[in-house]
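In what follows, a structure is listed as structure tokens, so that the remarks can point back to it.
A short reminder: the numbers here are calculations on the coordinates, not readings from a lab. On a predicted model such as this, the values are computed, not experimentally measured, just so you know. All Cβ positions, glycine included, derive from the backbone under ideal geometry; neighbour counts span all protein chains shown.
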Amino acid sequence: MTAPLDDLRVIEVDSWMAAPSAGAILADLGAEVIKVEPLGGDPMRGTNRPAKVDGPLKGYDFAFDVDNRGKRSIAVDLASDDGAALVRTLCEGADIFLCNLLPQRQAKFGLDPETLWGSNPKLVHGTITGYGTGGPESWRPGFDVTAFFGRSGLYDSMREGADGIVPNARPAQGDHTTGLALVSGILASLRLAERTGKGQVIETSLLEAAVWSQATDYGVTATDRAPVRRRARHQMIVPTANRYPCGDGSWVVFNMPEEAAWGRMCRAIGTEHLLDDPRLQTIKDRFDNMAELVEAIDGALATKSRDEWASIFDEHKLIWGPALSLHEVVVDPQAEAIGLFPTIEHPDRGAYRSVRVPMRIANADIGPRGPAPAVGEHTAEVLASAGLTPEQIQAHIDAGVIA
């Protein structure tokens, strides 16, 4: 099978997780992705190594790997004139330039679109920032917890009630969402560059991706009303769109906002008597008595385990899902059937599971091309392919420009 992007070369100058995740997707789609790192490596390296993993994979940085797998690494002192010039040389033969540098730093290193177009006029130039490349706070550094979850209103809308604490986000949820947004823009920009013969600029930010992810909530701002923050068990307006614990402590989630689902749910869980309760005849009635109603549903579901309920829910055509733990997801037959956790072979550490990018193309080769590279693992190889002689490469090593 053919990899969709196997004729493309990407030069990636970035760090941490958002922009690298976009590069990882492009690599999984077949592109040659060259990651330009500082001499000491991307600061993300080594920040998340599982302490309880034994054997060859003990201490392996899986968090770094998932966003950098299948890439080639060169280590360059970008702050030196010679180092920046080397990266510009690599861009001459690239199709895509990907970075998380603010415009001022792009210009400082000569990696801004106008400079790079001087020697590669069809280059697609992609940038991820925290808050956008314009405006009074475009200078501000941003991580997903600050720009994606905090500044966008997402954290606030997830609070439980008016006085609830700000919740905790799981690592890189905002980064990976924004990475997908950048990849979408890059693919559209490649098409535009092909049609016009001119290079294109694609920009996105953690803030923009977060607001888009909340577009349904933001629709209410047209009426000058803010989304209502309800207690965790009372966030939905109907009991058939809520989450409940089962008898074994496992939780299940329902999403059936239509009126007809109320009868199906009551018959499934053995609470038919609620159908005749005069206090529960309309959606508004059930909302007004939600606390008591949730208590009744809790009591009914507590009589069986989640697995015992599963076939009953399906028999009554309820739309539901188990609230699985991460360890349950990786052995879930459905996840296995769609190849959600592919295996990567590391030359030194053996096999381990990773996470597939969230897309499949029929008859196309999409997936990890190998583990993340070591810092500067491919420096000499990549520079030699750009025309540098062994003597020139060694001279740059001796001068501390590359490693």
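Helix-only mean residue ellipticity at 222 nm, the chain, DSSP H runs n ≥ 4 weighted -39,500 (n - 2.57), per residue, nearest 500. What is it? Don't jump to the answer; show the numbers that get you there.
On the way: 17 runs with 143 residues, N = 403.
The helix contribution divided over the chain gives -9500 deg cm²/dmol.
Sequence-distant or interchain residues sharing an amide H contact under 5 Å with Ser250, placed H: which?
Arg306
If one computes P(r) from the Cα atoms of the range 310-402, what percent of pairs lie at distances over 19 Å? Before the final figure, lay out each step's value.
Working: 2825 of 4278 pairs.
Of all Cα-Cα distances in the range 310-402, 66 percent exceed 19 Å.
Taking a ≥ b ≥ c as the square roots of the Cα gyration tensor eigenvalues, with a/c under 1.5 meaning rounded and otherwise prolate when a/b beats b/c, else oblate, which class fits the range 1-88?
Details: a/c = 2.55, a/b = 1.19, b/c = 2.14.
In terms of gyration-tensor shape, oblate.
Mind checking which aspartates and glutamates have their C-alpha under 12 Å from Lys122, skipping anything on the same chain fewer than 8 residues away?
Correct list for Lys122: Glu92, Asp95, Glu114, Glu194.
Semi-axes of the equivalent ellipsoid for the chain, please: Cα gyration tensor eigenvalues, times 5, square-rooted, ordered largest first, whole Å. Walk me through the numbers on the way to the answer.
On the way: eigenvalues 466, 120, 69 Å².
Rounded to whole Å, the semi-axes are 48, 25, 19.
Please turn the phi angles of the range 24-31 into ³J(HN,Hα) values with the Karplus equation 6.51 cos²θ - 1.76 cosθ + 1.60 (θ = phi - 60°), one per residue in order, whole Hz, x for glycine and proline.
5, 5, 4, 5, 5, 7, x, 5
Full-extension gain between Thr282 and Asp7, please, as 0.36 nm times their residue separation minus the C-alpha to C-alpha distance.
Numbers: separation 275, 0.36 × 275 = 99.00 nm, distance 5.92 nm.
Full extension from Thr282 to Asp7 adds 93.1 nm.
Taking 0.36 nm per intervening residue step and subtracting the Cα-Cα distance, what contour gain separates Glu272 from His346 on full extension? Walk me through the intermediate numbers first.
Values: separation 74, 0.36 × 74 = 26.64 nm, distance 5.64 nm.
The Glu272-His346 span can extend by a further 21.0 nm.
Report, by chain and number, residues whose modeled amide H sits under 5 Å from the one on Ser205, excluding near sequence neighbours (fewer than 5 apart, same chain).
Answer set, sorted by chain and number: Thr129.
Going from the alpha-carbon gyration tensor of the range 47-90, what semi-axes, largest first and in whole Å, does one get by taking the root of 5 times each eigenvalue? Provide the component values of the computation, followed by the final result.
On the way: eigenvalues 211, 24, 12 Å².
In descending order, the three semi-axes are 32, 11, 8 Å.
Can you give me the distance in nm between label points at Asp82 and Ser305, each placed 7 Å from the Cα along the Cα-to-Cβ direction?
Each label point lies 7 Å from its Cα, and together they span 6.6 nm.
How large is the charge dipole for the chain, taken about the Cα centre, if only the Cβ atoms of Lys, Arg (+1) and Asp, Glu (-1) carry charge, to the nearest 20 debye? All intermediate terms of the calculation are to be shown ahead of the outcome.
Numbers: 39 positive and 55 negative charges, 92 e Å.
Around 440 debye, computed over the chain.
Residue farthest toward the positive end of the dipole of the range 270-403, with Cβ of Lys/Arg at +1 and Asp/Glu at -1: which of Val329, Thr271, His316?
Toward the positive end, the furthest listed residue is Val329.
Which Rg and Dmax, in Å, describe the Cα atoms of the range 236-325?
Gyration radius and largest Cα-Cα distance of the range 236-325: 12.1, 39 Å.
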